[in-house]
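The values are calculated or read from the model by the stated rules, or taken from the named source; none is laboratory data. Here the structure is a predicted model, which is why all the values come from computation and not from measurement. All Cβ positions, even for glycine, are placed from backbone atoms using ideal geometry, and neighbour counts span all protein chains on display.
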């Protein structure tokens, strides 16, 4: 489906009772705004990149990578948070709040998508299926600038880290990550919308409405 005109934050939520907790402790709207600000800052930095990439300017793309990585982490957590109730073993709120592992979060997202039966709809530019989604997340995880510098210093020839980042087109990277962030946002909205359906969501993908909530980006 195309992105809904009404986001999950514009719909009233019933107050929760009992011991049920969420990883964001009710600050999901504020965190979403922060994630949007990170993305906006990254897109602004893309406009400042030197079109002639060289070893000297290679590291200029790294702040862009870092900002997008932070935004992706928050969007992944949003999807897991909205979809955790569909899983047989919901993610622990404390672990979800404190983790910075994109791979672990992506694994949980894949479990949510499979439980919802949305594999065919979870697509965008650069992501045709869950395998490509996991591959893209792994790529982002590996592009941590400090980790690359430390690792490459002892395992690869001098300048290897700079050459790695020199190969990255900031414009193409931003376009791919913008599509991914929109996909994750739409997915979180779609998962939140299932709260309006009668009855409890089942873990076998039967949500009553079939794939009508599927988050395809067109």
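Within region 37-67, being within 29 Å of residue 192 (Cα to Cα) and free of Cβ contacts under 8 Å to residues at least 24 places away in the same chain holds for 37, 40. Tallying residues that are in contact with a helix residue (DSSP H, G or I) (Cβ under 9 Å, 6 or more places away or on another chain) and assigned to a loop (DSSP other than H, G, I, E, B) within region 107-155 yields 9. The set of residues from region 157-174 being outside any helix (DSSP H, G or I), on the phi < 0 side of the Ramachandran plot and more than 21 Å from the chain's Cα centre (by Cα) comprises 157, 158, 167.
Among the residues of region 74-88, some residue qualifies, meaning at least one is modelled with pLDDT of 90 or more, more than 20 Å from residue 195 (Cβ to Cβ) and part of a helix (DSSP H, G or I).
A residue that is more than 15 Å from the chain's Cα centre (by Cα) and buried (at least 17 other Cβ atoms within 10 Å of the Cβ) cannot be found anywhere in region 122-141.
Which residue out of 111, 172 is at pLDDT 95 or above and closer than 30 Å to residue 90 by Cβ?
That would be 111, the only listed residue that is at pLDDT 95 or above and closer than 30 Å to residue 90 by Cβ.
Here is a check on your reading of the model: is residue 83 in contact with a helix residue (DSSP H, G or I) (Cβ under 7 Å, 6 or more places away or on another chain), surrounded by 14 or more Cβ atoms within 10 Å (Cβ to Cβ) and on the phi > 0 side of the Ramachandran plot? When the stated conditions are applied, residue 83 does not pass them. Hey, does region 50-59 have a residue that's surrounded by 20 or more Cβ atoms within 10 Å (Cβ to Cβ), in contact with a helix residue (DSSP H, G or I) (Cβ under 6 Å, 6 or more places away or on another chain) and assigned to a helix (DSSP H, G or I)? Scanning region 50-59 turns up no residue that is surrounded by 20 or more Cβ atoms within 10 Å (Cβ to Cβ), in contact with a helix residue (DSSP H, G or I) (Cβ under 6 Å, 6 or more places away or on another chain) and assigned to a helix (DSSP H, G or I). Out of curiosity, is residue 178 at pLDDT below 80 and closer than 30 Å to residue 82 by Cα? In short, no.
For every residue, the table says whether it meets (1) in contact with a helix residue (DSSP H, G or I) (Cβ under 8 Å, 6 or more places away or on another chain); (2) part of a loop (DSSP other than H, G, I, E, B); (3) modelled with pLDDT of 95 or more; (4) surrounded by 12 or more Cβ atoms within 10 Å (Cβ to Cβ).
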| residue | (1), (2), (3), (4) |
| --- | --- |
| 3 | yes, yes, no, yes |
| 10 | no, yes, no, no |
| 17 | no, yes, no, no |
| 20 | no, yes, no, no |
| 39 | yes, no, yes, yes |
| 63 | yes, no, yes, yes |
| 94 | no, no, no, no |
| 103 | yes, no, yes, yes |
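Would you confirm whether or not region 175-187 contains a residue that is without any contact (Cβ under 8 Å) to a residue 12 or more places away in the chain, surrounded by fewer than 19 Cβ atoms within 10 Å (Cβ to Cβ) and outside any loop (DSSP other than H, G, I, E, B)? Looking for residues that are without any contact (Cβ under 8 Å) to a residue 12 or more places away in the chain, surrounded by fewer than 19 Cβ atoms within 10 Å (Cβ to Cβ) and outside any loop (DSSP other than H, G, I, E, B), one finds none in region 175-187, hence no.
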